[in-house]
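Visitor: First, the structure itself, so that you have it in front of you.
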Amino acid sequence: MKPSYGDEAPIAAPATAPAWSALSLVRLSGAGAVSRLSQRFSRPRALLNAAGNTIVHGWLVDAAARRIDETLVSVYRAPASYTGEESADISCHGGGATLRAVMGELFSSGFREALPGEFTLRAFLNGKLDLTRAESVMEIVGAKSEAGRANAIGRLSGVLLERLQAIQTRLVRALSETELNLDYSELDGVGVAGPDSRLPAEEAVEQTLQELDALAEQYACERLLSDGALIVIAGKPNAGKSSLFNLLIKEERSIVTEVPGTTRDWIESWIAFDGIPARLVDTAGLRPASDPVEQIGVRRSEELLGSADIALYLFDGTNLQSEDVRQSENLPRRADGAPAVIRIWNKADAAPHCPLPGCLPVSAKTGAGIGALCAELRAQLGALCSPTNSPSVGIGTPRQKELIDAARSALREALAMADRAAPLDLIAPSLREAIDALGAISGEVSTSDILDAMFSQFCVGK
Ligand SMILES: Nc1nc2c(ncn2[C@@H]2O[C@H](COP(=O)(O)OP(=O)(O)OP(=O)(O)O)[C@@H](O)[C@H]2O)c(=O)[nH]1
Ligand SMILES: [Mg+2]
C-alpha cells in the first residue's frame with residue numbers, strides 16, 4: 001500500500017544531502033522508534049534506557065550483528081522532540097554508500113521512508129508548530145539572501161503568527177459586536193448598517209484591511225529576497241547580450257561569436273545587488289527565425305521575459321534598425337506590468353552617439369558604462385524592495401498570500417455592504433470568512449488535502 005501522510009508508522013530519512021562529506025544525519029520518528037533502532041544497534045540496552053535529549057555512542061549493525069557504521073544517536077522522548085513523537089537522530093559517516101547502507105538497515109527493521117516534509121507535518125499535527133512556522137522551515141533551507149533568511153527566521157520565531165493573531169483578535173471582536181447588534185435588533189427587525197447605524201467596529205475593520213493591504217504589498221519584497229529577482233537580457237541577435245552577461249557575472253560562460261543566432265538555449269547565473277539575489281539570464285536573440293532550433297530558443301526568450309522582474313534590452317549601436325525600437329517597446333509582459341525595461345545602447349566603443357532617448361551607453365567589450373548600468377539595476381531592484389527598509393516580518397509563501405488576499409476581499413465586501421446600508425446579518429458572514437482565511441494561514445482551520453499539498457513541497461528529511 002502506498003504510504004500516506006497522516007499514518008503513524010515509524011519513519012526514517014536522511015536529513016543531509018547524500019554528498020561527499022564528513023558526516024550525515026539520519027532522522028527517525030514515531031512510536032517505538034528507539035526500540036526498533038535498538039534491534040540494529042551494538043548497545044541495545046544503552047539505547048532503550050537512554051533518557052530524552054541524550055547521546056548514545058555505538059555501532060549500527062545488520063541483522064547478523066555485522067558492523068555497518070560507527071554512530072552517535074541523539075535520543076528524544078515524546079513529547080519533547082521536533083515532531084512531538086519519540087525520535088532519534090543518527091549521526092553517521094558521510095557519503096552516499098554509508099547513507100544507503102544505514103537506510104537499508106532501517107528499512108529492513110521496519111521503518112518506512114519519510115515522505116517529503118513528513119517530520120514537520122507531524123510536528124504541526126502534534127501542536128509543535130503552526131503552519132507559518134512549518135513553512136518557514138522550508139524557506140530557511142531555500143533562502144537565497146541574508147535578508148530572506150532573516151525574515152524566515154522571524155517567521156520561525158512566531159513573529160508573523162503574532163502579527164496575524166493580533167489582526168484576527170480585532171476581527172473577532174468586530175464580528176461579535178456585529179452579532180450582538182443583531183441579537184438586540186431582533187425585536188424590531190434586522191439590524192442595519194448605514195449612516196444612522198454604522199457597521200459596529202467599522203473603524204477596526206478598516207484598520208485591519210489596511211494592515212492586510214500592507215502585508216500583501218510587502219509580500220512582493222519578501223518573495224524577491226527569498227526567491228531572487230529574475231533579470232533577463234534580451235535584444236536582437238548579435239546585440240552583445242552574451243558579452244554583457246559574461247561581463248556582469250565576471251566569467252566567460254556564454255559563447256560569444258560574430259555569428260547572429262549564437263545563443264539558443266538560455267543560460268543563467270546568480271548574482272546579487274545590495275543584498276537582493278538575482279537570477280541573470282542570457283537569451284537567444286529575438287528575431288523571426290527560420291531554423292526550428294532557433295525558433296524554440298526565441299520562444300523561450302519570450303517566455304522568460306513574460307515572467308521577468310527586469311529586462312535589459314540591448315540595442316546594437318553599430319547596427320540600429322527601426323524595428324528594434326518597436327521591439328523594445330513591445331516585449332512580453334507579466335500581468336502586473338513587469339518587467340521594468342532598462343534600454344542599453346551597446347557597442348558604445350564603436351558607436352558613441354546614442355540617438356535614442358533614455359538609453360544607457362555601454363560597451364560590453366571594454367566595460368565602459370557598466371558602473372552606470374549596475375547603479376540603474378540597483379535603483380530598479382531597490383524600487384521593488386529594499387532589504388534594509390523592509391518593515392517587520394511579513395508573509396513568505398504564495399499560500400499565505402492567497403489567504404491574505406481572500407481575507408482582504410471578504411473585508412472589502414463587508415465594508416461595501418455597510419456602505420450600502422445592508423442588513424448586519426448579511427455582513428457578518430463576510431467578517432467570518434476573513435477570520436477563517438486568517439485562521440487557515442496558521443493552520444487553525446485546515447483540511448488534510450491542504451496539508452498534503454503543502455508538505456509535499458518540502459524536502460525529504462524535513
Ligand atoms: N565593438 C564591440 N563589439 C561587441 C560589443 N559587445 C559584443 N560585441 C561583439 O558583437 C558580436 C556578438 O556578440 P554576442 O555577445 O555573441 O552577441 P549576442 O547578442 O549574444 O548574440 P546572439 O547570441 O547571436 O543573439 C561579437 O563579435 C562580439 O565580440 C561591444 O561592446 N563592442
Ligand atoms: Mg548570445
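Visitor: Among Q168, L121, S109, which residue has its Cα positioned farthest towards the positive end of the charge dipole of segment 88-190, with +1 placed on the Cβ of Lys and Arg, -1 on the Cβ of Asp and Glu, and the dipole taken about the Cα centre?
Guide: S109
Visitor: If N is the number of residues in segment 237-331, what value comes out of its Cα radius of gyration divided by 2.2 N^0.38 Å?
Guide: 1.07
Visitor: Now, a different point. Only four residue types carry charge here, +1 at the Cβ of Lys and Arg and -1 at the Cβ of Asp and Glu. Report the dipole size of segment 11-130 about the Cα centre in Debye, rounded to the nearest 20.
Guide: Dipole about the Cα centre, nearest 20: 260 debye.
Visitor: Within 10 Å of each residue's Cβ, count the other Cβ atoms and sort H57, H93 from fewest upward.
Guide: H57, H93
Visitor: Mean residue ellipticity at 222 nm from the helices of the chain, using -39,500 (n - 2.57) per DSSP H segment of n ≥ 4 over the full residue count, to the nearest 500 deg cm²/dmol?
Guide: -14000 deg cm²/dmol
Visitor: So what J values fall out for segment 9-15 if you push phi through Karplus, 6.51 cos²θ - 1.76 cosθ + 1.60 with θ = phi - 60°, rounded to Hz, Gly and Pro as x?
Guide: Result, ordered by residue: 4, x, 10, 9, 6, x, 9 Hz.
Visitor: Right, next: Run the simple label-point estimate for H353 and V293 please: 7 Å along Cα→C-beta, distance reported in nm.
Guide: With each label placed 7 Å out from Cα toward Cβ, I get 4.0 nm.
Visitor: Here is a follow-up. Using the Cα atoms as the points, what is the convex hull volume per residue of the chain in Å³?
Guide: Hull volume over Cα atoms, normalised by residue count, gives 211 Å³.
Visitor: When a/c reaches 1.5 or more, the comparison of a/b and b/c decides; with that in mind, is segment 93-144 rounded, prolate or oblate per its Cα gyration tensor?
Guide: Oblate is the answer for segment 93-144, as a/c is 1.5 or above yet b/c matches or exceeds a/b.
Visitor: Related question: Name the residues whose placed amide hydrogens come within less than 5 Å of the amide hydrogen of V341, ignoring near sequence neighbours (fewer than 5 apart) on the same chain.
Guide: When sequence neighbours closer than 5 places are left aside, the close amide H contacts are A311.
Visitor: Counting only pairs 8 or more places apart or on different chains, how many lysine pairs in the chain have C-alpha atoms closer than 24 Å?
Guide: Value for the chain: 16.
Visitor: To continue, here is another question. Rounded if a/c is under 1.5, else prolate if a/b is larger than b/c, else oblate: which is segment 124-185, with a ≥ b ≥ c the root eigenvalues of its Cα gyration tensor?
Guide: prolate
Visitor: Return one quarter of the surface area of the convex hull spanned by the alpha-carbon atoms of segment 305-441, equal to its mean projected area, in nm².
Guide: 12.6
Visitor: Could I ask something else about it? For segment 232-384, what is the charge dipole size about the Cα centre, in debye to the nearest 20, if Lys and Arg each add +1 at the Cβ and Asp and Glu each add -1 at the Cβ?
Guide: For this selection, approximately 100 debye.
Visitor: Okay, moving on. So if I place +1 on the C-beta of Lys and Arg and -1 on the C-beta of Asp and Glu, and nothing else carries charge, what would the dipole magnitude of the chain be about its Cα centre? I want it in debye, nearest 20.
Guide: Magnitude of the dipole: close to 1980 debye.
Visitor: Same structure, new question: Take the Cα atoms of segment 39-146, find their three principal axes, and give me the spread along each one in whole Å, biggest first.
Guide: 45, 30, 26
Visitor: Let me ask something else about it. What ³J(HN,Hα) values, in whole Hz, does the Karplus curve 6.51 cos²θ - 1.76 cosθ + 1.60 give for segment 290-305 when θ = phi - 60°, with x put for Gly and Pro?
Guide: 9, 5, x, 5, 5, 4, 5, x, 5, 4, 5, 4, 5, 4, 4, 4
Visitor: As a footprinting exposure proxy, order I296, I140 by other Cβ within 10 Å, with the fewest listed first.
Guide: Taking fewest neighbouring Cβ atoms as first place, the list is I296, I140.
Just so you know, all these numbers are worked out from the coordinates, no wet-lab data involved. On a predicted model such as this, the values are computed, not experimentally measured, just so you know. Backbone-built Cβ (ideal geometry, glycine too); neighbour counts: all protein chains shown.
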